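The values are calculated or read from the model by the stated rules, or taken from the named source; none is laboratory data. On a predicted model such as this, the values are computed, not experimentally measured, just so you know. Cβ placement follows ideal geometry from the backbone for every residue including glycine, while neighbour counts extend to all protein chains displayed. In case anyone asks, the SASA skips ligands and DNA or RNA and just uses the protein heavy atoms, side chains included. Shrake-Rupley method; radii C 1.70, N 1.55, O 1.52, S 1.80 Å.
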Amino acid sequence: TVASRSALEVGAGEPLFNRLVAAGVQPLLLDTQYRMHPAISQFPTDLFYGGRLRDGITAAHRQPPRGYPWPRPDWPVAFQPVVYSREVVEGVSRYNSTEAEEVVRVVNGLLQAQIPPLDIGVV
C-alpha cells in the first residue's frame with residue numbers, strides 16, 4: 001500500500017516489475033530454483049510457471065533441521081500445534097501470546113542446535 005499521493009501520481013503504486021516491462025524491459029524466466037524442497041516448489045512450478053521451473057536441488061539437500069522434532073521426516077512442511085491459545089484484537093492489530101511463546105520455544109531449540117539465525121524463517 002502506498003500512502004503518499006505524490007508517489008502514486010508518479011506510478012509507485014504499480015509494482016516495479018510491471019513498470020519495467022511497460023518501459024520495454026524484456027522479462028527473463030530463471031528456470032532453476034535452489035531454495036525450496038522439491039515437494040514445496042511443485043505447487044508454484046505448476047501454478048505460476050506452467051511446469052517450466054526446475055529444481056536445482058534434491059530432497060536430500062533439504063533435510064529436516066536439527067533442534068526440532070520434525071513430525072514427518074519424509075515431508076518438508078511442519079505445522080506446529082498450539083492449544084489453548086487466544087487471539088487478542090487491539091484496534092486493527094491482532095496477536096496471540098501463546099503462539100508467539102511457542103515460536104520462541106521452537107526458534108530457541110533451533111538456535112541451541114547451532115542452526116545459524118539467518119537460516120531460520122518464521123511464517
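Overview of values
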quantity: Residue list for the stretch 1-30, filter: at positive phi and of a type in the set (Lys, Arg); calculated: none
quantity: Scan of the stretch 70-107 for residues that are farther than 21 Å from Pro38 by Cβ, of a type outside the set (Gly, Ala, Ser) and open to solvent by less than 70 Å² (accessible area, probe 1.4 Å), ordered by number; calculated: Val82, Val88, Asn96, Thr98, Glu102, Val103, Val106, Val107
quantity: Selected residue (only one of Val89, Val82, Val104 is assigned to a loop (DSSP other than H, G, I, E, B), over 26 Å from Ser41 (Cβ atoms) and out of contact with any Pro (no Cβ under 6 Å at 6 or more places or on another chain)); calculated: Val82
quantity: Complete set of residues in the stretch 87-123 that are β-branched (Val, Ile, Thr) and out of contact with any strand residue (DSSP E or B) (no Cβ under 8 Å at 6 or more places or on another chain); calculated: Val89, Val92, Thr98, Val103, Val104, Val106, Val107, Ile115, Ile120, Val122, Val123
quantity: Tally of residues being outside any loop (DSSP other than H, G, I, E, B), open to solvent by 90 Å² or more (accessible area, probe 1.4 Å) and of a type in the set (D, E, K, R) across the stretch 53-69; calculated: 1
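For every residue, the table says whether it meets (1) without any contact (Cβ under 8 Å) to a residue 40 or more places away in the chain; (2) in contact with a Phe, Trp or Tyr (Cβ under 7 Å, 6 or more places away or on another chain); (3) not hydroxyl-bearing (Ser, Thr, Tyr).
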position: Thr1; (1), (2), (3): yes, no, no
position: Ala22; (1), (2), (3): yes, no, yes
position: Leu28; (1), (2), (3): yes, no, yes
position: Asp46; (1), (2), (3): yes, no, yes
position: Gly56; (1), (2), (3): yes, yes, yes
position: Pro81; (1), (2), (3): yes, no, yes
position: Arg94; (1), (2), (3): yes, no, yes
position: Ala113; (1), (2), (3): no, no, yes
